[in-house]
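The values are calculated or read from the model by the stated rules, or taken from the named source; none is laboratory data. Nothing here was measured: the structure is a model prediction, and the numbers come from that model. Please note: Cβ atoms are built from the backbone with ideal geometry, for glycine as well, and neighbour counts cover all protein chains shown. Only protein heavy atoms, including side chains, enter the accessible area calculation; ligands, DNA and RNA are left aside. Shrake-Rupley method; radii C 1.70, N 1.55, O 1.52, S 1.80 Å.
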Amino acid sequence: MKNTLREHSAGGADLSPQDQVKRYAVPVGLSPEEKFDHWRSWYGSAIDAPVRLEKTDKLVRPNFNPTALSLEGPGFSLVDVTNEPANCFWNGETRPSDWLVYFRTACNKFSFSGRGESVSPGTVRFFDLSLPGNFHAPAGFSAVRVHFDRDLLGLDDRAMKRLKGLADIRQNPILRGLILPALSGWQRTVIAQEIQHLQPVARSMMLALVSSLLETPADPDDLKLARIATIKKFVRKNFRNHALTVDEVVAYSFLSRRALYYLFEDETLQVSGYIRALRTLEAVDLLAEANSWRRSLTDIAGASGFTTLPAMRRAVKELTGLSLRDAQEKPALLQIRASELRKQTEL
């Protein structure tokens, strides 16, 4: 699969986070009709496509209150929408425009290129907006839409036709394990600070997904961020298990130790350091609990994933600068040091 992901990996760098994130709120003092027109204008600009919204009824409900959030960047964008009842139409674009849509809620009336269907919650579909389509958004309709640049992923018309022919790809392991969790939780309050990191990672995830669906090999460097995200998720899920070691991560990732090392060479923490940092943060949280005095330090070490109490002592001292006694006697200082460590683990 030919692609140019690395050339675009800094997409959005010319825009400030405030410029890239757009949050919608209905202005006060407007009539229901004015509210709908305001929403329609915002929606049309946010999705960067010639889509029209029309009311499903003659009147708009007095409590009309749609919400939306958009994240913009060259070759990549997100729109997260919770709609009021509306009909959405598009006539087709002259330029290629492709969406991956994750339906959080059901959509009973959906028509794409003349093919009508109902969409169940959790469905994920590819759409090519160069073809006409429409859907009815019932009250509470919620979806996340990812716009992607087919040239960015090296997709030709034949590849796009195969992707659009997939009825539902939610069971794909990359989608289920990486992309859906990212889409489901991307509205965190610190999203503005994460944009520059999020965009290249999401592109890498999309490339991994597309290459797996088309069973086409992609450039390993372009898959790097998606692989790192997968491995970190595996470690976060299993770090409390004493058996989790770098060798276990090697087996999970199907990489050699050397390849795993080079994969993480630009990360703040190598895999072993990442495991140790997560265990240390778990120990810190357990030590800070109000009833921690009821538990032995050995019990806390075991619950955090450390094989021995001395191993926990060393990790807490090296990563926070505090002894276990200091950690128990100076909880405020401990939380400051723990906060610094959390930034390294991206928690």
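Mind checking which residues of segment 155-168 are modelled with pLDDT of 75 or more and either surrounded by fewer than 15 Cβ atoms within 10 Å (Cβ to Cβ) or in contact with a helix residue (DSSP H, G or I) (Cβ under 8 Å, 6 or more places away or on another chain) (or both)?
LEU155, ASP156, ASP157, ARG158, ALA159, LYS161, ARG162, LEU163, GLY165, LEU166
Looking at the structure I just gave you, is ASP285 at pLDDT below 90 and farther than 23 Å from VAL235 by Cα?
no
Could you tell me how many of the residues in segment 323-347 are touching a helix residue (DSSP H, G or I) at 6+ places or on another chain (Cβ under 7 Å), more than 22 Å from GLN270 (Cα to Cα) and either open to solvent by less than 70 Å² (accessible area, probe 1.4 Å) or touching a residue at least 60 places away in the same chain (Cβ under 8 Å) (or both)?
The qualifying residues number 4.
Can THR307 be described as touching a residue at least 24 places away in the same chain (Cβ under 8 Å), within 23 Å of LYS232 (Cβ to Cβ) and out of contact with any Phe, Trp or Tyr (no Cβ under 9 Å at 6 or more places or on another chain)?
Taking the combined requirement at face value, the residue satisfies it.
The rows are residues; the columns are (1) small (Gly, Ala, Ser); (2) part of a helix (DSSP H, G or I); (3) within 19 Å of HIS242 (Cβ to Cβ).
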residue: ASP266; (1), (2), (3): no, no, no
residue: ILE275; (1), (2), (3): no, yes, yes
residue: VAL284; (1), (2), (3): no, yes, yes
residue: LEU319; (1), (2), (3): no, yes, yes
residue: ALA338; (1), (2), (3): yes, yes, no
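Quick check on segment 138-168: of everything there that is among the acidic types (Asp, Glu) and closer than 22 Å to PRO200 by Cβ, which residue is farthest from the chain's Cα centre (by Cα)? Walk me through it before giving the result.
Let us first name the residues in segment 138-168 that are among the acidic types (Asp, Glu), namely 149, 151, 156-157, 168.
Adding the requirement that they be closer than 22 Å to PRO200 by Cβ leaves 149, 151.
Working: ASP149: 18, ASP151: 22 Å.
Looking at the filtered set, the residue picked out is ASP151.
Hey, any hits in segment 307-322 for a residue that's in contact with a Gly (Cβ under 8 Å, 6 or more places away or on another chain) and farther than 28 Å from PRO200 by Cα? Steps first, answer last, please.
Step one: list which residues in segment 307-322 are in contact with a Gly (Cβ under 8 Å, 6 or more places away or on another chain), which gives none.
No, segment 307-322 contains no residue that is in contact with a Gly (Cβ under 8 Å, 6 or more places away or on another chain) and farther than 28 Å from PRO200 by Cα.
Could you please give the count of residues in segment 210-257 that are surrounded by 15 or more Cβ atoms within 10 Å (Cβ to Cβ) and either touching a Cys at 6+ places or on another chain (Cβ under 6 Å) or of a type in the set (Val, Ile, Thr) (or both)?
8
Mind telling me which of the residues GLU282, GLU289 ends up being closer than 30 Å to SER204 by Cα and of a type in the set (Asp, Glu)? Spell out how you get there, then give the answer.
Values: GLU289 fails: closer than 30 Å to SER204 by Cα.
It is GLU282.
Which residues, taken from segment 297-312, are within 21 Å of ALA243 (Cβ to Cβ) and open to solvent by 30 Å² or more (accessible area, probe 1.4 Å)?
Result: THR298, ASP299, ALA303, THR307, THR308, LEU309, PRO310.
Filter segment 18-55 for residues that are over 19 Å from ASN91 (Cβ atoms) and among the β-branched types (Val, Ile, Thr); which is modelled with the highest pLDDT?
VAL28
How many residues does segment 240-266 hold that are under 14 Å from PRO220 (Cα atoms) and of a type outside the set (Ser, Thr, Tyr)?
Result for segment 240-266: 6.
Condition first: open to solvent by 60 Å² or more (accessible area, probe 1.4 Å), assigned to a loop (DSSP other than H, G, I, E, B) and either at pLDDT 70 or above or among the basic types (Lys, Arg) (or both). Now tell me which residues in segment 169-188 satisfy that.
Of everything in segment 169-188, those that are open to solvent by 60 Å² or more (accessible area, probe 1.4 Å), assigned to a loop (DSSP other than H, G, I, E, B) and either at pLDDT 70 or above or among the basic types (Lys, Arg) (or both) turn out to be ARG170, GLN171, ARG188.
Does any residue of segment 229-239 turn out to be in a helix (DSSP H, G or I), small (Gly, Ala, Ser) and modelled with pLDDT of 85 or more?
Yes; the residues of segment 229-239 include at least one that is in a helix (DSSP H, G or I), small (Gly, Ala, Ser) and modelled with pLDDT of 85 or more.
Looking at (1) in a helix (DSSP H, G or I); (2) open to solvent by 60 Å² or more (accessible area, probe 1.4 Å), find the lone condition where LEU260 falls short.
With (1) in a helix (DSSP H, G or I); (2) open to solvent by 60 Å² or more (accessible area, probe 1.4 Å) applied to LEU260, the lone miss is (2).
Kindly establish whether VAL316 is open to solvent by less than 30 Å² (accessible area, probe 1.4 Å) and closer than 20 Å to ALA226 by Cα. It would help to see each step written out before you state the result.
On the way: open to solvent by less than 30 Å² (accessible area, probe 1.4 Å): yes; closer than 20 Å to ALA226 by Cα: no.
So VAL316 fails the test.
Hey, can you tell me all the residues within segment 122-137 that are part of a loop (DSSP other than H, G, I, E, B) and within 18 Å of the chain's Cα centre (by Cα)?
Hits for segment 122-137 are GLY122, THR123.
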